[in-house]
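Everything on this sheet refers to the single structure shown next.
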Amino acid sequence: MTQIDVDGLRADTPGCGGGMAHLNNAGAGLMPRPVLEELTGHLVREATVGGYEATALVAPKMEAMYHSAARLIGGKASEIAYLENATRAWDAVFYAFDWQPGDRVVTGSSEYNSNMIAFRHAQDRYGIELVLAPDAGDGTVDPDGLEAVLDDRVRLICISHMPTNDGLINPVAEIGAIAKRHGIPFLLDACQSVGHMPVDVSQIHCTMLSATGRKYLRGPRGTGFLWVREGWIPRLNPPFLDNRAAKWTGVDHYEVAQTARRFENWESYIAGRLGLGVALDYAHSIGMAAIWDRLQALSARLRDGLSDCPGVTLHDRGTAKSGIVTFTKAGLTSAEVSTHLRLQHRINTSVSDVQLTREALIASGVPNMVRASPHAYNTEAEVDALIAAVNALK
């Protein structure tokens with residue numbers, strides 16, 4: 001296991017100094033000091049010299065963000081677009097397809113609610129068909145089952161790498177290989193996985209990937225990015241164009257950008273873009289393999305401890321599990337448990353309910369669960385405190 005300087009990470013994280021154990025990184029991670037300073041520094045710059053003038057001063061840093069994102073996931077800077085969140089990044093490419101009645105999209109039962117709403121919206125608006133690939137015995141998407149539902153009407157495969165409330169990790173490299181073999185584009189929702197574990201688009205064989213800044217990357221809220229494989233960029237027609245995504249070349253003509261920036265907006269959160277760039281570099285400097293080792297160790301400790309608590313049921317699925325740990329406590333609602341942990345023990349968790357992954361949770365019969373999600377800066381003592389607090393609940 002690669003060692004991490006946990007004390008150094010905590011000293012570098014202002015949120016670790018207030019006595020609150022933040023175990024809600026699947027919601028939003030705590031920003032490290034360099035990210036916070038970059039973010040607030042640019043806001044001061046804008047207030048001091050003006051927004052446009054401040055942007056001109058940081059042009060090299062803005063450009064560097066694309067290279068930082070590409071380096072972290074194994075892509076090219078020209079394949080990166082900066083957007084305000086992972087959902088808008090995902091939407092940007094999903095709605096860039098020229099959907100026709102009868103077109104099919106294949107997804108999994110644990111797909112995130114925003115994605116499922118988009119599927120149903122496209123179903124109502126364009127007449128597409130949604131196909132759910134079967135799960136394997138461990139709850140992950142079954143690659144063989146997914147391949148069995150593919151036909152000449154399937155135009156897109158969409159899978160969440162790490163569903164928001166399962167703890168599982170879908171076999172995306174196998175799914176990517178199937179998509180590549182059949183010549184079907186593959187859109188990967190990596191909202192929970194980028195910054196959480198090593199992600200390499202060349203190994204996954206996905207065509208498009210959406211990611212957020214606020215979770216395991218520990219960047220600012222309101223930031224995210226999109227990656228689109230180079231050969232697919234000109235094949236996608238963005239649903240919206242402005243003077244960032246295209247150039248007005250004549251009174252009656254315009255040219256769409258030939259890079260992934262065709263999916264961007266001219267007006268954007270500049271301070272957030274700079275903060276995201278620093279967050280990407282920060283994760284890279286620690287090393288994604290080291291972060292992943294640390295998350296696996298902490299989440300395994302949490303699962304082992306909770307499994308010994310009376311009345312506690314763990315709900316994580318998958319053979320290989322992520323750093324997201326979900327559970328319920330008999331006799332108490334998940335909201336009661338999460339609120340008690342926050343108010344009485346200063347431990348942040350969250351509640352995952354049926355609204356987030358409706359298909360999977362309805363099938364499981366569990367409408368909601370407590371979600372605890374440590375990061376590399378969390379300590380074993382914080383994990384143990386959560387276990388003890390849950391164990392003492394009556």
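Using a simple spin-label model with pseudo-atoms 7 Å out from Cα toward Cβ, residue 330 and residue 153 lie 4.7 nm apart.
What does the charge add up to near residue 11, with Lys and Arg as +1, Asp and Glu as -1, over the other residues with Cβ less than 13 Å from its Cβ? Present the calculation step by step, with values, prior to reporting the outcome.
Numbers: positive: 10, 33; negative: 5, 7, 12.
In short, -1.
Inter-part distance, segment 101-138 to segment 140-187, computed on C-alpha centroids, equals 12 Å. Fully extending the segment from residue 344 to residue 181, taken as 0.36 nm per residue of separation minus the present Cα-Cα distance, adds 53.3 nm.
Within segment 25-159, DSSP assigns beta bridges of which about 10% are antiparallel (rounded to the nearest 5).
Okay, helix-only estimate at 222 nm for the chain: each DSSP H run of n ≥ 4 adds -39500 (n - 2.57), divide by all residues, round to 500 deg cm²/dmol; what do you get? Mind dumping the intermediate values first?
Details: 14 runs with 158 residues, N = 394.
My calculation for the chain gives -12000 deg cm²/dmol from helical runs alone.
Counting DSSP beta bridges in the chain, what percent are antiparallel, to the nearest 5?
Values: 25 of 43 bridges.
Here the antiparallel bridges make up roughly 60 percent for the chain.
Only the Cβ atoms of Lys and Arg (+1) and of Asp and Glu (-1) were treated as charged; on that basis the dipole of the chain about its Cα centre amounts to roughly 500 debye. You can think of it this way: the chain between residue 61 and residue 388 has 113.2 nm of extra reach, that is 0.36 nm per residue less the Cα-Cα gap. Label separation (residue 7 vs residue 285): 1.9 nm, computed from points 7 Å beyond Cα along the C-beta direction. Only lysines eight or more places from residue 247 in sequence, or on another chain, were considered; none has a Cα closer than 16 Å.
Simple rule: put +1 on each Lys or Arg Cβ and -1 on each Asp or Glu Cβ in the chain, find the dipole, and look at 199, 307, 161; the Cα lying farthest toward the positive end is 307. Which whole-number percent gives the relative contact order of the chain, counting Cα pairs below 8 Å spaced six or more residues apart? It rounds to 24 percent for the chain.
Evaluate the relative contact order of segment 190-283 (contact order divided by residue number), counting alpha-carbon pairs under 8 angstrom at least 6 apart; express in whole percent. It would help to have the intermediate numbers written out before the result.
Working: 123 pairs, mean separation 25.1, N = 94.
Rounded, it is 27 percent for segment 190-283.
Here the spin labels are modelled as points 7 Å beyond Cα on the Cα-Cβ line, and at residue 117 and residue 52 they lie 3.6 nm apart. Other residues whose C-beta falls under 12 angstrom from the C-beta of residue 31 contribute a net charge of +2, scoring Lys and Arg +1 and Asp and Glu -1. Taking the fewest neighbouring Cβ atoms within 10 Å as the starting point, the ordered list for 159, 204 is 204, 159. Ranked by the mean number of other Cβ atoms within 10 Å of their residues, highest first, the peptides 211-218, 79-86 come out as 211-218, 79-86.
So how do 208, 31, 62, 288 line up by other beta-carbon neighbours within 10 Å, fewest first?
By the 10 Å Cβ count, ascending: 62, 288, 31, 208.
Excluding same-chain neighbours fewer than eight residues apart, the aspartates and glutamates reachable from residue 394 by a Cα-Cα span under 16 Å are 308, 336. Please list, by residue number, everything in segment 208-246 whose backbone N is under 19 Å from a paramagnetic label point 7 Å out along Cα→Cβ of residue 98. 231-241, by backbone N distance to the label point.
Quick test of the membrane-span-like rule: which DSSP H helices of the chain reach at least 30 Å along their long axis (C-alpha atoms) with mean Kyte hydropathy at least 0.5? Show your work: numbers first, answer last.
Working: long enough: none.
The answer is none, since no helix passes both cut-offs.
When the Cα positions of 249, 340, 82 are compared along the charge dipole of the chain, 340 comes out farthest toward the positive end, with charges on each C-beta of Lys, Arg, Asp and Glu.
FYI, it's all coordinate maths here, none of it is from the lab. Only a predicted model underlies this, so the values are computations on that prediction, with no experimental measurement involved. Here Cβ is always computed from backbone atoms with ideal geometry, including for glycine, and neighbour counts include all displayed protein chains.
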